[in-house]
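Some notes on the structure that comes next.
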Amino acid sequence: MKRIIALLLIICFTIPLTAQEVKEEKPENYFNDLIKTLNKDQQVTPAKKEEKKPDIPKPTTILGVKEELKKEETNNPPKPEAKPVIPVKTSAPTPLPTPTITPASVASPKVTIAKPLPEKENKTKKNKQGKKADKVKESTNDNDSIVEKKKRLFKPYIEVPNPKTRNQKIYVKRLEKKPKSRMRLITLDGADIIHSRVNRPVRNILESTANLGLRSEYPSSLSIIPINNINLDVKTSVKPLVFWNNYLTTGELLTPELEDSMLADLGENGLEIPIDINIPTLIGFKLNLLGGSVYGNAGLFVQERMRIPNEFWGLIFDGSTVAEPFSMTEEMGVNVNTYSKLSAGYGSYFELPAFMGELRFGASINAYAGAFSSVNISELSLEPGTESTQLRGKAQVLSFMDTLTAIVPGGGIDFQYSMTDLDEFHNTFLPPTLGFDLGIAWRFKLNRLIPIFPGIFKNYIDVQASLQDIGASVTMNNAYINEFSFEAEAGDLLEMFNSDDPMDLESLVILEENTILEDSSVTRPLGMKFHVAAQYQPISLIMLKGSYSEYLTEGINSNTGQNYSYGAEIFLGKAISLNGMVFQKGQYRYSEAGLRLQSLGSEFGLTVRLYDKDFSFTENISGAGLKLYWARFF
């Protein structure tokens, strides 16, 4: 009872003092002092039970201060040195200035003031936060390193130039001054420069329209006669030097063994003398437009095919007897095909992601017009008899002549012909027929696809595939086809040739003429060709080449048999190179070697061909050829 009375007296004296201090102090200072006093009380009179759990902080409520004081009073008597803590009532007269802290909120049991955490917990939290920050930094650094690795691994297909020498700086500045374009190639990589210079001419576009999408230093070009792109080939189905030395130099009659050997050397088709005079580019140009290249080309192709079958050589060797008369059923004659090809096309490229390289594509539409002429003997027979000898034959003539007749005016043979009038001459080549060329190519670096290859090798591979002359044909208008049949009968031929009297052909030859086609159109197809080519650069100064072709349809430009090529081109520098190739086209094999001069804006080349199956380059040669080409780039 005495303790209660003493407590009431202390409260009565302390209330007015605390009220004055509350009026003068701000609420924030009050709460801070309150927390300090509570902490001091706990330090002065700590509970024995709470010493075991110092790490678990307990929230201190304002209303819970009385309960703690009661517990302390019951357990420990109050000491005069300790100042009691008096809770603030809700009916405090002093209003609080801040809107967030009100007297109501002070009295609310939900408001808690957490004690400061022990130093151990603060350290652990700081350490955790520091580790997290370090992990974030490490992750960002790892991401940056991954990005840098990707940049190193996935280099751009066309490497960005980094000029170091004076000549390189001049080279790059010269190209940078040119108009910017999508097809521009500004690089110091020798493999890129050499590849673009080899494949940029119009003559390479004729082989594969995929080369229209090629990136080059100067994407535009112009080719025009007289020194443009000319191919001349003269060849035979035999080896002329060997044939001459073995069968024609002695001047003696051939033995049966030599006759059989000669026919075997001629081959199954007999003596063939094909001649090709091709000017693939009379005029050609390529312009950098529409995000790619647009080109136009006009070419002329002339093919001569002469054939003498082995049956005719049998007449020369063996003659004709009563027991074994001569009869030839194979065709013998000369065929000449001439046609022009006008092309217009577009091509571009598409750069694939990272190490995949790039794709090139191109397409062109072609117009064909031409003329044909031929003289072929389809039937020939010689039947000697005891009293007379009969000679029969049939020939067919195709031409674009206005008239072609054989007249026998009372005793003579006279061939008459006349050309088409100039006013109607253009109708011979019009209207032209249409065809198409398609091509696609893929160029990539082998050491990027297959990482085991050393990085010092550029390992560029370029693969091209194309279809040429799709649906193409050549039509000649105002065509005339005449068929002539002749029959001759003679008595004693020896008496006729030994007689001093002139030979009277009127009584010997009976000539008939039949017009099969007059002033009409004749169409002949062109063979559609599938062409695949590949180029490989183990290093920038060496380019290996190979190709394979197959004619999917027959035509005047097609052949039977295998068509392939292989060879290499060695660059002594970026401006000069030596090339050698081996070709197999049907039954003909030839090798060629040439020199190419390439500058930044022009190209000149000379190539010599030798037809030789055994590569002896001596008497085994069966033909020769020459190729000239020139182009200007800008």
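Can you pull out every residue in segment 308-349 that is polar (S, T, N, Q) and not in a strand (DSSP E or B)?
As a first pass, look at segment 308-349 and keep what is polar (S, T, N, Q): 310, 320-321, 327, 329, 335, 337-338, 340, 343, 348.
Result: Asn310, Ser320, Thr321, Thr329.
Residues checked against (1) modelled with pLDDT of 80 or more; (2) open to solvent by less than 70 Å² (accessible area, probe 1.4 Å); (3) of a type outside the set (Asp, Glu); (4) part of a strand (DSSP E or B):
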site	(1), (2), (3), (4)
Ala395	yes, yes, yes, yes
Gly410	no, no, yes, no
Phe425	no, no, yes, no
Ile440	yes, no, yes, yes
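Do we find a residue being open to solvent by 10 Å² or more (accessible area, probe 1.4 Å), under 22 Å from Gly601 (Cα atoms) and without any contact (Cβ under 8 Å) to a residue 40 or more places away in the chain anywhere in segment 226-233? Yes: one or more hits.
Tally time: how many residues in segment 332-347 are of a type in the set (S, T, N, Q) and at pLDDT 95 or above? Qualifying residue count for the region: 1.
On the given criteria, is Phe486 aromatic (Phe, Trp, Tyr) and at pLDDT below 85? Steps first, answer last, please.
On the way: aromatic (Phe, Trp, Tyr): yes; at pLDDT below 85: yes.
Criteria met by Phe486.
Out of curiosity, is Glu513 in contact with an Asp or Glu (Cβ under 8 Å, 6 or more places away or on another chain), acidic (Asp, Glu) and open to solvent by 50 Å² or more (accessible area, probe 1.4 Å)? First the steps, then the outcome.
Details: in contact with an Asp or Glu (Cβ under 8 Å, 6 or more places away or on another chain): yes; acidic (Asp, Glu): yes; open to solvent by 50 Å² or more (accessible area, probe 1.4 Å): yes.
So Glu513 passes the test.
Taken over segment 493-536, the criterion of being more than 30 Å from Leu434 (Cα to Cα) and modelled with pLDDT of 85 or more is satisfied by Gln535, Tyr536.
Would you say Ile456 is more than 30 Å from Ser343 (Cβ to Cβ), modelled with pLDDT under 75 and touching a Phe, Trp or Tyr at 6+ places or on another chain (Cβ under 9 Å)? Give the steps one after another, and end with the answer.
Values: more than 30 Å from Ser343 (Cβ to Cβ): yes; modelled with pLDDT under 75: yes; touching a Phe, Trp or Tyr at 6+ places or on another chain (Cβ under 9 Å): no.
Here the answer is no, as Ile456 does not meet what is asked.
The number of residues in segment 241-258 being part of a helix (DSSP H, G or I) and open to solvent by less than 60 Å² (accessible area, probe 1.4 Å) comes to 3.
Is there a residue in segment 444-458 that is assigned to a strand (DSSP E or B) and in contact with a helix residue (DSSP H, G or I) (Cβ under 6 Å, 6 or more places away or on another chain)? Walk me through how you get there before you give the answer.
So the first thing to find is which residues in segment 444-458 are assigned to a strand (DSSP E or B), and the list is 444-445.
Within this subset, residues satisfying the condition of being in contact with a helix residue (DSSP H, G or I) (Cβ under 6 Å, 6 or more places away or on another chain) are none.
Scanning segment 444-458 turns up no residue that is assigned to a strand (DSSP E or B) and in contact with a helix residue (DSSP H, G or I) (Cβ under 6 Å, 6 or more places away or on another chain).
Taking the criterion of being aromatic (Phe, Trp, Tyr) and either buried (at least 18 other Cβ atoms within 10 Å of the Cβ) or over 23 Å from Glu268 (Cβ atoms) (or both), the residues of segment 313-346 that qualify are Phe326, Tyr339, Tyr346.
Taking Ser261, is it more than 30 Å from Arg182 (Cβ to Cβ) and touching a Pro at 6+ places or on another chain (Cβ under 7 Å)? Quick ask: steps written out before the conclusion?
Values: more than 30 Å from Arg182 (Cβ to Cβ): yes; touching a Pro at 6+ places or on another chain (Cβ under 7 Å): no.
Judged against the criteria, Ser261 is not a match.
Being farther than 28 Å from Gly625 by Cα, under 24 Å from the mean Cα position of the chain (by Cα) and of a type outside the set (A, V, I, L, M) is the filter here; which residues of segment 249-294 pass it? Passing the criteria: Asn288, Gly291, Gly292, Ser293. Residue pairs whose Cβ atoms lie under 7 Å apart, separated by 6 or more positions or on different chains, with the first residue in segment 306-324 and touching a residue at least 60 places away in the same chain (Cβ under 8 Å) and the second part of a loop (DSSP other than H, G, I, E, B) and open to solvent by less than 60 Å² (accessible area, probe 1.4 Å), are Phe317/Leu254; Val322/Gly385.
The values are calculated or read from the model by the stated rules, or taken from the named source; none is laboratory data. In this text the structure is predicted, and so the values were computed from the model without any measurement. Cβ: placed from backbone, ideal geometry, glycine included. Neighbour counts: every protein chain shown. These area figures cover heavy atoms from the full protein model, side chains too; ligands, DNA and RNA do not enter into them. Shrake-Rupley method; radii C 1.70, N 1.55, O 1.52, S 1.80 Å.
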